[in-house]
Amino acid sequence: MNDAASLTRQLAGLLDEAGLISDPARSAPMLRDHRSLYRGHALAVVAPADTAAVSRVLAFCNQNRIGVVPQGGNTSYCGGATPDASSSQVLVSLARLDRVRAIDTANYTMIAEAGCILANLQKAAAEADRYLPLSLGSEGSCMLGGNLSTNAGGLNVIRYGMARELVLGLEVVLPDGRVLESLTGLRKDNTGYDVKSLFLGAEGTLGIITAACLKLYPAIRSRATAFVAVRDPDAALSLLDAVRTASGDCVSSFELIPRIGVDLTLRHIPGVVDPIDTPANWYVLCELSSSRAAEPLDALLEQTLAQAHERGWVLNASVAMNERERESIWRLRESIPEAQRKDGASLKHDISVPVSQVPRFIDVAGDWVARNIPQGVLVAYGHLGDGNLHFNVNQRGGTQAFQLQAVEQKARRAIHDLVREFGGSFSAEHGIGQLKVFELERYAPPVELELMRTVKKALDPNGIMNPGKVLRA
C-alpha cells in the first residue's frame, strides 16, 4: 500500500521540476479560501505546466482513488477550491497554464488556457482591437478556469450574459485522464448533446477545464457613465427600462447601490469620493457602451436622466466627463466588498430574483432583517440589470461579531426561503462550493438533483473530482 510520501514522489515523477510545490510558504495561501472560512491540508500541491501533465495527474489520482481539488486564482466565496483537512487530497493549481494560444480577429474568438488571469485576457483582446466582456471585481487575480467552472457573472451580464454564454468550445481533462478536445470556434454546431455545458458551472466536480475558446466582440470605442441618485429601487427599475429603450439596449452595466454602501467605502477605502454632494438613500451606477466612436452616448444618457428627473425617478446625477471620473465612480462600486470586510463581520447572501421583483424583494426581505436582526444592518447592492443582489447584513456598530454570527443560520434560512417564494436563486453568481451544498439539497427540484448525481456518477464514478463540493458523496 502506498503511503503519503510514496504517492507524492510518484506524483512528482509525472511533472517537471516546478510541478510539485513543496515550500509551505507558497502552498499555505492555496490551502485556505479567499474569505478564510475554510482551511485544508493536502497530500500534495501540484502545478502542471500543460494539459498533458494535468492528464497524467488525473489518471494517477483516479487509479489510486485520490481526491483532486482544482484551483485557479483562489477567489471563491464558497470554499470551492479548498481541500478538506484529511491530507488525502491533491490540490491541482492551474496557474502555469497561462498562455493565450490564439486570437482569431476575423472569427472574433480567443483560445486561452485555464490559468490566464482575467485582466490579462481583457488586455490581450484589447491589443487585438477586440473586447472580452467578462468583468469581475477580482479580475486582477481570478483565472479563466475558475470563471468558467463557477459560471461567473459580474458587471456586464445584462448585455453579454454569464460566463457560459461567452464559451464556444472547451478543452477538458476528464477524471480518468482522457482529454475532451473541443476547442471549436463555431457559432453553429448541432451535433448531438452540448457536452461542454456540463463543465460550465460544475466547479471542477466533473473534470478540469484546461482551455476555452471564447467569444470576442468589437472594441468599445465610446462610453457614458453616470452615478445617479434615485428615489427608491422602484424608480431605479423604471430608469433601467427607460435607458434600455432610449439607447437601443446599449446598457452594459446597471448597478444598484444603497447609501450605506457609499458610506462604507468613504469610511474605509482611501481615495474614494462621493460623486454627488447631496445624499440620497439609493443610487444607480449606469453605463452605456458602443463600438461606434461617434455614438452620442453622453448626450443620450443626459437626456434620459433629465426626463427621468421630471418624472420624479431621479433626484440628482453626476455624469463622468472623462476616464478619470469614470474610474472614480467604478472604484466606489467595486470597493464595497472590501469596505464591508473592513467594517466588521457580515452575513452574505448571493441571491437573484426576476428583475421586476427586485424592489419588492428588498422591501420584504429588508423588513424581515430590520425586525429580526437588531445586531445587523442591511447592505443590499448589486446588479439590478440582471436581478442579482448581494443581500448582506453587516455587523451594527456597538455589537460584537459573534452576536451577528449567532444568527447566521436563522438569517440564511429566512432570506433563502423568501428568495424561493420570489422565484429566485440562492446562488446567483458565486457557485455552491462547500458552503452551499445543503442549500442545494434543500432548494433544487428533486428531479434536477437526481440528474446532477447521475451525471456526476457517469463521468466521475470513483468520486475523485473536488469531493464535497456541489454534491455530497
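General remarks:
- Modelled FRET efficiency - R0 35 Å, Glu327 with Asp367, Cβ distances, 0.05 increments: 0.45
- Cα centroid separation, the stretch 44-74 to the stretch 180-245 (Å): 28 Å
- Share of carbon and sulfur in the accessible heavy-atom surface of the chain [1.4 Å probe, %]: 50 percent
- Distance histogram for the chain (every C-alpha pair counted, 20 angstrom bins, percent rounded to whole numbers): 23, 55, 21, 1
- Along each principal axis, Cα extent of the stretch 13-128, largest first, Å: 49, 33, 23
- In the stretch 295-440 the Cα-Cα distances spread across 5 Å bins starting at 0 as 2, 8, 15, 17, 18, 15, 11, 8, 5, 2, 0 percent of all pairs.
- Candidate aspartates and glutamates - alpha carbon under 20 Å from Lys469, same-chain residues fewer than 8 apart omitted: Asp33, Asp84, Asp176, Glu203, Asp350, Glu429, Glu439, Glu441, Glu448, Glu450, Asp460
- Charge context of Pro359, other residues only, Cβ under 14 angstrom, K/R +1, D/E -1: -3
- Considering only alpha-carbon pairs that sit under 8 angstrom and 6 or more positions apart, the relative contact order computed for the chain is 15 percent.
- Solvent-accessible surface of the chain, taken per residue with a 1.4 Å probe and all protein chains present: 43 Å².
- Residue-count net charge about Asn62 - beta-carbon cut-off 9 Å; Lys, Arg +1, Asp, Glu -1: -1
- Tensor-based shape of the stretch 118-252 (alpha-carbon gyration tensor, a/c under 1.5 rounded, otherwise prolate or oblate): prolate
- Check: the chain dipole with +1 on Lys, Arg Cβ and -1 on Asp, Glu Cβ, in debye: 840 debye
The values are calculated or read from the model by the stated rules, or taken from the named source; none is laboratory data. From a predicted model like this one, the values you see are computed outputs, not experimental measurements. Every residue, glycine as well, gets a Cβ built from its backbone with ideal geometry; the counts of neighbours run over all protein chains shown. Surface accessibility is based on the protein's heavy atoms, side chains included, excluding ligands, DNA and RNA. Shrake-Rupley method; radii C 1.70, N 1.55, O 1.52, S 1.80 Å.
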